[in-house]
Amino acid sequence: MKGEIGSVLILGLLIMTGCASNRTVTSGRATVDYNSYNEDLSSVRPVYRSMPVASGTTTAPTTSTTSAPAVRKPETRKPAAPIEAMHINRRLDMVLDTIATQNRSIRYAPGFRIQVYVGTQRQEVDAIRQLITQNFPELNPYLSYNQPTYRLKIGDFMRRMDAERYYSLVKRMIESAQLQPDKVDIRRSLSIK
């Protein structure tokens, strides 16, 4: 019984609050009538002009981005040159060209190389360089000498995943090989497959 009375009360409350009233709301000094909202959107709607159609061909109507007055009058003058629809493209192309020019001037980037030799023997480093060149011609060798130590590094890898693939192959031939972060030549890194 109590459940039925409660549901009837809730239903009655929902019916009374769900109906909108036509009275105005007064808050302080201003009176606001929320039920009389009206907005004219005709000034932002696109205007479709009919184009003369040549015999045997059909054309789709074009949209104009100009705003039209609330009351539309028939166009009596000759339409001006078409407005470029994508005027942003010019500015975007200029920005992209600037970025491309800046990117061409960048030669080195952080990446990875495989260090295959560290030692003081010139004959050993030459033998290892020849071995690497024969087995991996696409990897460029980099020999540095800081007295009395020779260091031989190979490859220009932008991503660690590519470097690890070659590292596993080089490690089978040369046990002392190590994968190290280094600055790499961007153009040469693009030639490694």
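On the basis of the beta-carbon distance and an R0 of 25 Å, Ser144 and Leu190 show a calculated FRET efficiency of 0.60. Evaluated on region 96-193, the Kirkwood hydrodynamic radius is 14.2 Å, with distances taken between all distinct Cα atoms. Taking every protein chain into account, the accessible area of region 81-193 amounts to 71 square angstrom per residue (probe 1.4 Å).
Between Thr120 and Asp33, the modelled labels are 10.2 nm apart [label points 7 Å from Cα along Cα→Cβ]. Met161 versus Ala100, label points 7 Å from Cα toward the beta carbon: distance in nm? That separation, rounded to one decimal, is 2.7 nm.
Sum up the charges of everything whose Cβ sits under 15 Å from the Cβ of Pro181, counting Lys and Arg as +1 and Asp and Glu as -1, but leave Pro181 out.
Numbers: positive: Arg113, Arg151, Lys153, Arg159, Arg160, Lys183; negative: Asp156, Asp162, Glu164, Asp182, Asp185.
So the environment of Pro181 carries a net charge of +1.
Just add up the charged neighbours of Pro110: K/R +1, D/E -1, any other residue whose Cβ is under 10 Å from the Cβ of Pro110. Before the final figure, lay out the partial values.
Details: positive: Lys183; negative: Asp182.
Combined, the nearby Lys, Arg, Asp and Glu give 0.
The values are calculated or read from the model by the stated rules, or taken from the named source; none is laboratory data. Just so it is clear, the model here is predicted, and its values are computed rather than measured. Cβ coordinates were reconstructed from backbone atoms using ideal geometry, including for glycine residues, and neighbour counts include every protein chain displayed. The protein model used for the area step is the full one, side chains on, heavy atoms only, and it has no ligands, DNA or RNA in it. Shrake-Rupley method; radii C 1.70, N 1.55, O 1.52, S 1.80 Å.
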